[in-house]
Amino acid sequence: MFSWFRRKKQDPRQELMAALGDVEMPTFPALMGEILRELRDTHSAMSKVGELVAQDPTLTIKVIKTVNSVGFGLRRQVDSVKHAVTLLGRSRVESIVLPLAVGEALPSESVPGFEPARFWHAAARRALVAQQLSALLDPASRDVSYTASLLQDMAIPLLATHRSESYGPILERWHDGGGVLHEMEKAAFGWTHADVAGWLCADWGFPELLAAAITAHHGSDDPEVVSPPPVRLVALLGEEPDGELNIDPLVAMAHDEFGASPERVIEAVQRGVAGSSEVSRLFAA
């Protein structure tokens with residue numbers, strides 16, 4: 001359990017069930033879980049990871065497509081899982097496999113306020129923009145910024161599905177420009193989707209650095225729960241279509257809080273947005 005939960009004497013599973021209700025918690029497919037365990041075992045050979053991924057043809061295709069996507073910026077195309085895992089290493093392979101595992105575990109049916117294709121397009125856009133911003137603001141956070149930005153709203157499909165009567169109207173109001181989502185959640189429920197995502201991270205055994213980045217993507221009063229600048233910046237992006245995307249708050253925050261040139265920030269956003277459709281199709285297929 002994470003140190004901030006221990007300090008606050010919170011039981012993440014109990015908090016999660018209180019938010020979602022009496023539902024069966026989603027779990028990762030068995031093969032995904034085995035792959036993640038091998039990735040986190042530093043004594044395990046990467047060739048074993050490649051062999052496990054290759055057992056699932058669909059996963060194999062998704063991993064190769066992700067590696068070859070615009071966001072990874074490789075000079076040459078990767079044509080095999082063995083090549084991919086050898087080239088990228090444990091951290092970057094986990095940054096690919098973990099979101100795919102989460103995508104498999106989350107609800108995929110449309111309900112009021114939640115449309116999978118729209119949701120995953122926005123998630124992929126945040127991830128790729130964060131990846132570009134990390135080069136500008138915080139290169140060391142590249143992998144965690146990508147993964148945390150892709151998964152920062154992962155609680156929304158669960159909340160929309162299992163609390164449709166109370167949560168769906170809030171999502172619909174947010175989509176219509178009726179307020180700031182995490183502020184509306186806090187007023188209505190006493191928690192936000194970021195809080196619920198943090199409880200999910202604990203339940204699913206996420207690495208603590210990644211869990212903190214996801215939990216604090218809208219900021220935190222706890223100095224131990226910190227999100228990298230790119231993750232906080234892309235949290236300002238909504239689910240509107242690319243042509244209607246309002247990036248002004250992100251550009252202003254990047255300049256005011258992190259001293260980034262507005263021109264370079266805009267260029268980074270544009271590069272990230274350009275590759276988002278390609279990545280989102282891996283999750284909303």
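The values are calculated or read from the model by the stated rules, or taken from the named source; none is laboratory data. Model, not experiment: these values are computed from the prediction. Cβ: placed from backbone, ideal geometry, glycine included. Neighbour counts: every protein chain shown.
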List pairs: first residue in segment 1-25 and surrounded by 10 or more Cβ atoms within 10 Å (Cβ to Cβ), second residue at pLDDT below 80 and assigned to a loop (DSSP other than H, G, I, E, B) anywhere in the structure, Cβ distance under 7 angstrom, at least six positions apart or on different chains. Pro12/Met1
Could you tell me which residue of segment 53-68 is nearest to Tyr146 (Cα to Cα), considering only residues that are in a helix (DSSP H, G or I) and free of Cβ contacts under 8 Å to residues at least 40 places away in the same chain? Val67
Count of residues meeting criterion [within 23 Å of the chain's Cα centre (by Cα) and surrounded by 15 or more Cβ atoms within 10 Å (Cβ to Cβ)] in segment 26-49: 10
Taking segment 98-156 only, how many residues are basic (Lys, Arg), over 16 Å from Thr66 (Cα atoms) and in contact with a helix residue (DSSP H, G or I) (Cβ under 7 Å, 6 or more places away or on another chain)? 0
Here the residues within segment 174-220 that are over 16 Å from Leu237 (Cβ atoms), aliphatic (A, V, I, L, M) and in a loop (DSSP other than H, G, I, E, B) are Ala216
Checking the structure you have, find out if any residue of segment 69-87 is in a helix (DSSP H, G or I) and under 30 Å from Ser166 (Cβ atoms). no
So if I check each of Ala140, Ala105, which one is within 24 Å of Arg281 (Cβ to Cβ), surrounded by fewer than 21 Cβ atoms within 10 Å (Cβ to Cβ) and at pLDDT below 95? Ala105
Considering segment 72-100 alone, what residues qualify as being within 28 Å of Thr27 (Cα to Cα) and surrounded by fewer than 16 Cβ atoms within 10 Å (Cβ to Cβ)? Ser80, Thr86, Gly89, Ser91
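Looking at segment 142-162 only, could you name the residues that are among the polar types (S, T, N, Q) and under 14 Å from the mean Cα position of the chain (by Cα)? It would help to see each step written out before you state the result.
The first filter runs over segment 142-162 and keeps only residues among the polar types (S, T, N, Q), leaving 145, 147, 149, 152, 161.
Residues satisfying the conditions are Ser145, Thr147, Ser149, Gln152.
Whether any residue in segment 121-133 is out of contact with any strand residue (DSSP E or B) (no Cβ under 7 Å at 6 or more places or on another chain) and not in a helix (DSSP H, G or I) is what I want to check.
Taking segment 121-133 as the starting set, the residues that turn out to be out of contact with any strand residue (DSSP E or B) (no Cβ under 7 Å at 6 or more places or on another chain) are 121-133.
Retained after the next criterion (residues that are not in a helix (DSSP H, G or I)): none.
No, because not a single residue in segment 121-133 is out of contact with any strand residue (DSSP E or B) (no Cβ under 7 Å at 6 or more places or on another chain) and not in a helix (DSSP H, G or I).
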Output the residues belonging to segment 165-186 that are closer than 17 Å to Ala18 by Cβ and either touching a residue at least 24 places away in the same chain (Cβ under 8 Å) or surrounded by fewer than 21 Cβ atoms within 10 Å (Cβ to Cβ) (or both). Glu165, Ser166, Tyr167, Lys186
